[in-house]
Structures are given as structure tokens and as C-alpha cells.
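The values are calculated or read from the model by the stated rules, or taken from the named source; none is laboratory data. Every value quoted in this text rests on a predicted model; they were computed, and no experiment measured them. Here the Cβ positions follow ideal geometry from the backbone for every residue, glycine too, while neighbour counts run over all protein chains shown.
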Amino acid sequence: MALQAQRSSSRGAQVARGLLAVVGAVLLLDALVLIALGHFNVGVQVPAVLGAGALVLAWQWPAVQAWRQARPWRHRMWRAAWVLLALWVLSVLWFWSRLFSLGLEPPQVPAVQAIVVLGSGTLDGQPRPVLAQRLDTAAELARLQPGALIAVCGGVDWGETESEAEVMARYLRQRHGIAPERLVLEKLSTSTELNLQLSRPLLAARGVVANAPTALVSSDFHLMRALRIAQRQGLSQMYPVAAPTPLATRFNAWLREYFAMASSWVLREV
């Protein structure tokens, strides 16, 4: 019986070590590819650290197990660390489940007077993929609601010469044939809070008051925080419209938003 138990324990250790190696390789490779593409944020850094840690743990598994078994307190610390990691992963999955259910499709949006499109980054005078998805979603909504104004929001990104708003407006005109007179450009903001705050007087000058029905277009992962910021600014009739996040960066963006939401909550911004 003792020999059988020992063999079973050995097989279990081999499986655990193999899973750590596979998970670590996937997480680290994903992060390295995105870093090579110019993405370097917490949604990329955390998988990189976790992946590297898992690979080191798989590589040094016998030594780590010997260290753990040498002292009872080490064994307790080992178990506590895994419990905390499991709780953190569960909290991330819970947060992601909330993101899945948030936001309307363009055909579901009631009649609105304005469509506010939040900025997300440009490169060489073109919208980055996440921003392009927001603009494509806004254009679909604009076709369904031809009377709505379209506010595009965002200042000048680092290394760029044009504001995000100017790049977004050009994209909507050239790619989707949006009439220039429908566009309202907010060209100074550097955050979601400022996107909303600085676009309000521009829309008001065009006859759209603060409590007018308005569509808020942003990425699916960003809508929860953006909507709460809008509510704190007294914008009570905002209809959230979800733009899909490109698959290549989707889960990294959602992970980044997990930390952004936690930070905003701690700072009482949402």
C-alpha cells in the first residue's frame, strides 16, 4: 500500500509539474508576442510574471518540494499561497462574467440625440485596433440613427501630431461616409473622465443637454468603468454600447481593466 501511495503521489507531482510548464509557457508566450507588438501594460505584465514564475516552479519542482517539506510553516505558507492565487483567479473570472453581460448592440439602442465615442489610442495617424472597433460600432449605430450627433473624444497621444478626435473623425468620414456636420470633436482629453467632461459643453452648444438620451460607445471591457464615471458626472441617460475587443488582445485587455477598476474603486473614482 505504501509503495502504491508513493507511485500515485509521484504521478500526481508529474501531472502538476507538466501543467505548470504548459500554463507557464502559454502565458509567457502570449505576453512576449504582445510586447513585441508594442503592448506593455499591466494586462500583459501580469501574465508574463505568472508565466515566468510557473516555468521556474516547474523547472525547480523537486527542490521546491524539498524546501516546502523541511518545515511545517513552509507547508502552511505553500498552501496559503495557492489558496490566495485561486481566490484571485476566481475574482478575475467573476469580473469577466460581469463584462460579458454589459452593453447593448446598436439595434437595441433607443432613440438618442448623440453618440459619444471614447478614445483609446492612435498610431501614425490611424486608430489602433481597439479604437477602430469602437468607431466601427459607432458607425453602425449612426446608420441606424441618422439624426444623432457623434462626439469623438481624445487628445494628442504621445509621439503623435494629431489628436485622437481628429483621427477618429477622419476614419468615420473616409471609412464609413459619416457627414462632417454630424461630428463633434473633443480634442483635449487624456482620460475617460475628461472624455465625458469636455465633450459635454461641445454637445450642449449643438443643442444636446446633459440629460438628453445619449449612447456611450466603448470597448466591452471598458464600459463598466466608463458608465460609472458618467453617472458620477450626472449623465443619467447614457446607454452603454459595447464594441468587441480584438481577440488577440481581448483577455489581456480584460485583465488590465480588472486592475483599472480596482484602482478606480480604491481612489473612489467610480
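Within the range 242-258, does at least one residue satisfy the condition of being surrounded by fewer than 20 Cβ atoms within 10 Å (Cβ to Cβ), more than 18 Å from Leu118 (Cα to Cα) and among the charged types (D, E, K, R)? There is no residue in the range 242-258 that is surrounded by fewer than 20 Cβ atoms within 10 Å (Cβ to Cβ), more than 18 Å from Leu118 (Cα to Cα) and among the charged types (D, E, K, R). Restricting to the range 128-169, and then to whatever is within 14 Å of Ser199 (Cα to Cα) and in a loop (DSSP other than H, G, I, E, B), can you tell me which residue is farthest from the chain's Cα centre (by Cα)? Ranking the qualifying residues of the range 128-169, first place goes to Gly155.
Taken together, the residues in the range 195-213 that are in contact with a strand residue (DSSP E or B) (Cβ under 8 Å, 6 or more places away or on another chain) and more than 16 Å from Thr122 (Cβ to Cβ) amount to 9. Only one of Asp124, Asp136, Asp157 is over 23 Å from Asn211 (Cα atoms) and at pLDDT 95 or above. Can you tell me which? From the options Asp124, Asp136, Asp157, the qualifying one is Asp136.
Quick one: is Ala165 assigned by TED's automatic domain parsing to the domain that holds Gly125, in contact with a strand residue (DSSP E or B) (Cβ under 6 Å, 6 or more places away or on another chain) and not charged (D, E, K, R)? Yes. Residue under question is Leu93, and the condition is that it be in the same structural domain as Ala21 (by TED's automatic domain parsing), of a type in the set (A, V, I, L, M, F, W, C) and within 22 Å of Arg256 (Cα to Cα); does it hold? Here the answer is yes, as Leu93 does meet what is asked.
Yes or no, residue by residue, for (1) more than 15 Å from Ala243 (Cα to Cα); (2) assigned by TED's automatic domain parsing to the domain that holds Leu216; (3) surrounded by 19 or more Cβ atoms within 10 Å (Cβ to Cβ):
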residue: Leu131; (1), (2), (3): no, yes, yes
residue: Glu140; (1), (2), (3): no, yes, no
residue: Arg143; (1), (2), (3): yes, yes, no
residue: Thr161; (1), (2), (3): yes, yes, no
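Taken over the range 226-246, residues that are of a type in the set (D, E, K, R) and within 10 Å of the chain's Cα centre (by Cα) amount to 0.
Of all residues in the range 74-86, none are at pLDDT below 95 and within 17 Å of Thr245 (Cα to Cα).
To keep it simple, each residue is scored yes or no on (1) aliphatic (A, V, I, L, M); (2) assigned to a loop (DSSP other than H, G, I, E, B); (3) assigned by TED's automatic domain parsing to the domain that holds Leu34; (4) under 20 Å from the mean Cα position of the chain (by Cα).
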{"position": "Val64", "(1), (2), (3), (4)": "yes, no, yes, no"}
{"position": "Trp67", "(1), (2), (3), (4)": "no, no, yes, no"}
{"position": "His75", "(1), (2), (3), (4)": "no, no, yes, no"}
{"position": "Trp78", "(1), (2), (3), (4)": "no, no, yes, no"}
{"position": "Ala81", "(1), (2), (3), (4)": "yes, no, yes, no"}
{"position": "Leu85", "(1), (2), (3), (4)": "yes, no, yes, no"}
{"position": "Val112", "(1), (2), (3), (4)": "yes, yes, no, no"}
{"position": "Ile115", "(1), (2), (3), (4)": "yes, no, no, no"}
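Exactly one residue out of Pro106, Pro110 is surrounded by 10 or more Cβ atoms within 10 Å (Cβ to Cβ) and touching a Ser or Thr at 6+ places or on another chain (Cβ under 7 Å), and it is Pro106.
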